[in-house]
Amino acid sequence: MKTETPRRHDATMHDTPLTIGGRAFQSRLMVGTGKYPDNGTMVRAIDASGAEIVTVAVRRVDLDRSKNTSVLHHLDPKRFFLLANTAGCYTATDAVRYARLGREAGFNDFVKLEVIGDEETLLPDVQGLLEAAKVLVKEGFKVLAYTNEDLVTALRLEDAGCAAVMPLASPIGSGLGLLNPFSVRTIKRRLKVPVVVDAGVGTASDACVTMEQGVDGLLMNTAIAAAQDPVAMARAMRLAVDAGRAAFLAGRMPRRDVAFPSSPTEGMLD
Amino acid sequence: MKDTIDVVINGEPRTIAPGVTLLELLAELALDPRAVVVEHNRQIVRRPALGDVRVAPGDAIELVHFVGGG
């Protein structure tokens with residue numbers, strides 16, 4: 001008897017699992033846990049998304065207890081694969097520090113590594129990113145590196161031993177969608193490790209187009225959390241990721257600059 | 001011997017009793033040791049060792065956990 005219907009349905013039936021750092025995942029959609037209007041909505045949205053990998057951030061405990069901020073009160077770590085991030089870090093040293101704290105707080109040695117280089121765009125500092133990745137790989141971390149859509153950086157991250165490379169679709173929280181399909185496709189074509197697009201999708205069509213590029217997965221947070229109905233959008237994103245993946249596997253028709261009739265040209269009346 | 005010492009916890013100056021261990025400090029703050037990670041002067045102290053490390057004047061302690069993030 002099937003009890004977890006959102007995780008298995010036709011679109012992904014004939015697909016292989018997504019394997020990162022030796023672990024296999026059925027869902028190619030990963031979701032964040034930030035910026036939800038409330039925890040109940042977050043939990044329902046994550047359920048509707050069908051995601052297995054769920055990202056979390058490492059922050060100070062509120063000593064005054066004005067609010068109970070721990071996300072673990074709401075997410076069962078046995079059910080979800082909690083992926084700690086280093087969001088908010090602007091140096092390699094800070095990112096390494098947060099990664100170590102996350103491993104200690106968490107349940108695995110995976111980290112979503114972010115080293116931010118610019119406050120306005122939140123674009124990555126690729127030099128700091130590479131530096132931190134090398135340190136963390138040496139310490140046994142499975143590093144999923146959030147980077148820009150630059151092939152050379154992606155190749156270097158792979159060489160550094162990252163378990164996955166995560167180019168952005170567009171800046172974090174921007175909702176601008178996939179700005180550079182060519183670069184993301186090129187990265188996917190050239191890398192051996194999984195390529196998971198992280199950040200920038202705004203709505204379901206963005207998710208679908210991104211998955212149609214052939215990338216291995218997609219991580220999003222704001223597109224779901226900031227939708228008017230996050231639970232409904234989470235479902236839309238699940239369908240879009242599956243549709244995009246299925247279309248990629250199906251292989252699209254070639255683009256043509258001229259029309260080609262779908263109905264026979266013969267047998268027309270005089 | 002003074003009856004209190006000054007330390008910094010999560011960036012804020014605090015006055016605590018001298019000679020307490022990190023485990024006792026967590027109890028005083030009503031924090032479950034299983035629910036937080038303790039960094040003591042930039043070194044992570046694992047749960048089993050929390051009772052062995054004593055807090056000294058001027059120590060910097062960070063108490064962190066997982067919050068929502070993307």
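The values are calculated or read from the model by the stated rules, or taken from the named source; none is laboratory data. Values in this document were obtained by computation on a predicted structure and should not be read as measured data. FYI the Cβ positions are ideal-geometry reconstructions off the backbone, even for glycines, and counts take in every protein chain you see.
In the set A:LEU155, A:LEU151, A:LEU218, only one residue is in contact (Cβ under 8 Å) with a residue 60 or more places away in the chain, in contact with a Lys or Arg (Cβ under 9 Å, 6 or more places away or on another chain) and either buried (at least 24 other Cβ atoms within 10 Å of the Cβ) or under 29 Å from A:VAL96 (Cβ atoms) (or both); that residue is A:LEU218. Selection of segment A:40-84 for residues being within 21 Å of A:ALA227 (Cα to Cα) and of a type in the set (Ser, Thr, Tyr) yields A:THR41, A:SER49, A:THR55. Is it the case that some residue within segment A:141-150 is within 14 Å of another protein chain (Cβ to nearest Cβ) and farther than 19 Å from A:VAL195 by Cα? Looking for residues that are within 14 Å of another protein chain (Cβ to nearest Cβ) and farther than 19 Å from A:VAL195 by Cα, one finds none in segment A:141-150, hence no. Scanning segment B:4-19 for residues that are away from chain A (no Cβ under 12 Å), in contact with a Lys or Arg (Cβ under 8 Å, 6 or more places away or on another chain) and outside any strand (DSSP E or B) gives B:PRO18, B:GLY19. From the list A:ALA207, A:ALA227, A:ALA236, the one residue that fits, being surrounded by 18 or more Cβ atoms within 10 Å (Cβ to Cβ), farther than 20 Å from A:THR86 by Cα and touching a strand residue (DSSP E or B) at 6+ places or on another chain (Cβ under 7 Å), is A:ALA207. Inspection of segment B:21-31 identifies no residue that is of a type in the set (Val, Ile, Thr), buried (at least 18 other Cβ atoms within 10 Å of the Cβ) and more than 30 Å from A:GLY200 (Cα to Cα). For segment A:70-122, a residue qualifies if it is within 18 Å of the chain's Cα centre (by Cα), buried (at least 16 other Cβ atoms within 10 Å of the Cβ), in a loop (DSSP other than H, G, I, E, B) and within 12 Å of chain B (Cβ to nearest Cβ), and the qualifying residues are A:PHE80, A:THR86, A:ALA87, A:GLU114, A:LEU122. Among the residues making up segment A:176-198, a single one is closer than 15 Å to A:ALA223 by Cβ, surrounded by fewer than 21 Cβ atoms within 10 Å (Cβ to Cβ) and either at pLDDT below 95 or in contact with a helix residue (DSSP H, G or I) (Cβ under 6 Å, 6 or more places away or on another chain) (or both): A:GLY177.
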